[in-house]
Amino acid sequence: MGSTNAFFATAVGESLPFTNDSFDAVLCYDVLEHVQDLERTLAEVYRVLKPAGLLLTVFPPYFHPKGSHLEGYVSRVPWANLIFPSKVLLRAIDELLEERGDGYRPQSLRPGDRLYSLNGVTIRSFCRMLNRSNFEVRRLEFLPLFNEMIRQFHRWKMHYYAWLFHPLSRIPVLQELFTHRIVALLRKPQPTDCRS
């Protein structure tokens, strides 16, 4: 059963090919850490949303243990981007890929990238962007790194002790390291009618 009223478009988040006030909702799952200019992307999403439209986004902060996104092609070392400066990691990535010799290359660095295709958004920087934006924040939640919902932790029986780690995702400095995902529900306000 295929849909007959769906269409697909390819674009970058900073320049969406849609008219103002086009959508009731925009969903971004594990996307916002990859856009080149997050603040501009948020402004574009705001522009294409209808009044009272919603943006639901879920993404990992940069200092998440796998925030470097290296596990897919170079290393499974957690917090590599916390341990090593970006320049050192980029050089190591390039050397490892060269030694492997399979021809794989990540997308080229863009201006502002911390690592390949990663803008380095943190909880703190995202909150600052939200404060500067026109969005109304309906929900902003920092999911704890260790929790019973994460499938990879089922074999560790996380449901027994995950609650011990919850406070770490609430302490300002530590929350950057112990947050699994940022979850935000943002609303484009409806204009008020002030006519009497």
Would you mind finding the one in Arg110, Arg100 that is surrounded by 11 or more Cβ atoms within 10 Å (Cβ to Cβ), more than 24 Å from Leu38 (Cβ to Cβ) and of a type in the set (Lys, Arg)? Arg100
Could you please tell me which pairs satisfy a Cβ distance under 6 Å, a separation of 6+ or placement on different chains, a first residue in the stretch 78-100 that is on the phi > 0 side of the Ramachandran plot and among the hydrophobic types (A, V, I, L, M, F, W, C), and a second residue that is surrounded by 11 or more Cβ atoms within 10 Å (Cβ to Cβ) and in a loop (DSSP other than H, G, I, E, B)? Trp79/Pro65
Helices (runs of 4 or more DSSP H) completely within the stretch 19-122 that count 1 or more residues being charged (D, E, K, R): 38-48, 86-100
Residue among Glu136, Glu141 that is modelled with pLDDT of 90 or more, of a type outside the set (A, V, I, L, M, F, W, C) and either within 21 Å of Pro61 (Cβ to Cβ) or exposed (fewer than 11 other Cβ atoms within 10 Å of the Cβ) (or both): Glu141
What is the number of the single condition among (1) surrounded by fewer than 19 Cβ atoms within 10 Å (Cβ to Cβ); (2) modelled with pLDDT under 95; (3) closer than 30 Å to Arg100 by Cα that Gln36 does not meet? (2)
Could you look through the stretch 44-61, keep only residues that are under 19 Å from Leu118 (Cα atoms) and out of contact with any Leu (no Cβ under 8 Å at 6 or more places or on another chain), and pick out the one that is surrounded by the most Cβ atoms within 10 Å (Cβ to Cβ)? Pro61
Which condition number does Thr4 fail, the rest of (1) surrounded by 12 or more Cβ atoms within 10 Å (Cβ to Cβ); (2) part of a loop (DSSP other than H, G, I, E, B) being met? (1)
Just the residues that are small (Gly, Ala, Ser) and touching a His at 6+ places or on another chain (Cβ under 8 Å), please, taken from the stretch 83-119. Ser117
Hey, Leu56 touching a Cys at 6+ places or on another chain (Cβ under 8 Å) and either closer than 26 Å to Lys188 by Cβ or free of Cβ contacts under 8 Å to residues at least 24 places away in the same chain (or both) or not: yes
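The values are calculated or read from the model by the stated rules, or taken from the named source; none is laboratory data. Since the model is a prediction, treat every value here as computed from it, not as a measurement. All Cβ positions, even for glycine, are placed from backbone atoms using ideal geometry, and neighbour counts span all protein chains on display.
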